[in-house]
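This report concerns only the one structure given below.
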Amino acid sequence: MTEKTRRAAPHGQSPGEDRHETVVVLPDGTVHTQGLQHRSPETADVRLNRVRAALTAVAIQRQQRVLISTAHPDGRAEHQRVTADGTLEPTVPPLPRRGPLAPEWSEDIPEGTGLLETVRAAHRARQWPAAQQAACRATEHLIARHGAQHPYPVMGLELEAYFAGMAQSHGLATVLYTEAALAVHRLNGPRVQARQDLAHALSAWLAYHHSQPAIKDTRLGFGVAHTLLRITPGDQPALAAVLHRLAQDLR
């Protein structure tokens, strides 16, 4: 798939969990949440309070349990839970669900479909765009066969992302690695695997940023920032670096 037609990355949460909303605040005072930038002559604190109030109002209206995580310009993560009466109380960041890992996480993508042979042939020929497209078809087949909530399609995403990077499609690689990291997190997969995918997403975004210096499209960077906040909220240096780079791009 191309970067324009690639499906959107899912939220990194499981059914039955508290709804997890993420908010990032840039050094220039821009507040970003749910795909929207909030910029006005008001102070960053005023904008942030308005965003939190809006999220709280929706939670009360829908009678949802909501956790709001905020990344501040210095990379510090703040977590608050919406109480029944609509107040925000400090809380600790959500911990991954504990339990045995699904055995498929330690396995390889199953053979027998013939789709991986196409991927390998393109790999041997160093035809990276063709390998990425073949990996995409394999992923779609794995979703159709096993469902989206299964480790195998995540492995397919990681394979797609790798070949997208080899093809110098750094924007697409950013999207795919971000999607893979969220999927591993959502499916309670290996934490190290989610972190690795997220690190690859960050590297791909930086490569995209350097290869396209004239393009000020911040959507990829905001996606990485929100995913960092969701999966590795304690990584203050990485969050701060991404937020400062995004602020520079908005100038």
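The values are calculated or read from the model by the stated rules, or taken from the named source; none is laboratory data. Every value quoted in this text rests on a predicted model; they were computed, and no experiment measured them. All Cβ positions, glycine included, derive from the backbone under ideal geometry; neighbour counts span all protein chains shown.
Data overview
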| item | result |
| --- | --- |
| Complete set of residues in the range 141-168 that are more than 15 Å from residue 180 (Cβ to Cβ) and under 23 Å from the mean Cα position of the chain (by Cα) | 141, 144, 146, 147, 166, 167, 168 |
| Condition broken by residue 183, with the remaining ones in (1) closer than 25 Å to residue 32 by Cβ; (2) in a loop (DSSP other than H, G, I, E, B) satisfied | (2) |
| Tally of residues being surrounded by 15 or more Cβ atoms within 10 Å (Cβ to Cβ) and in a loop (DSSP other than H, G, I, E, B) across the range 66-80 | 3 |
| Residue in the range 204-226 that is among the acidic types (Asp, Glu) and either buried (at least 24 other Cβ atoms within 10 Å of the Cβ) or touching a strand residue (DSSP E or B) at 6+ places or on another chain (Cβ under 7 Å) (or both) present | no |
| Qualifying residue in the range 85-104 (condition: out of contact with any Gly (no Cβ under 9 Å at 6 or more places or on another chain), modelled with pLDDT under 90 and acidic (Asp, Glu)) | yes |
| Which numbered condition residue 111 fails, given (1) modelled with pLDDT of 90 or more; (2) farther than 17 Å from residue 180 by Cα | (1) |
| Residue 138 among the aliphatic types (A, V, I, L, M) and assigned to a helix (DSSP H, G or I) | yes |
| The range 98-128: number of residues that are within 23 Å of the chain's Cα centre (by Cα) and part of a helix (DSSP H, G or I) | 3 |
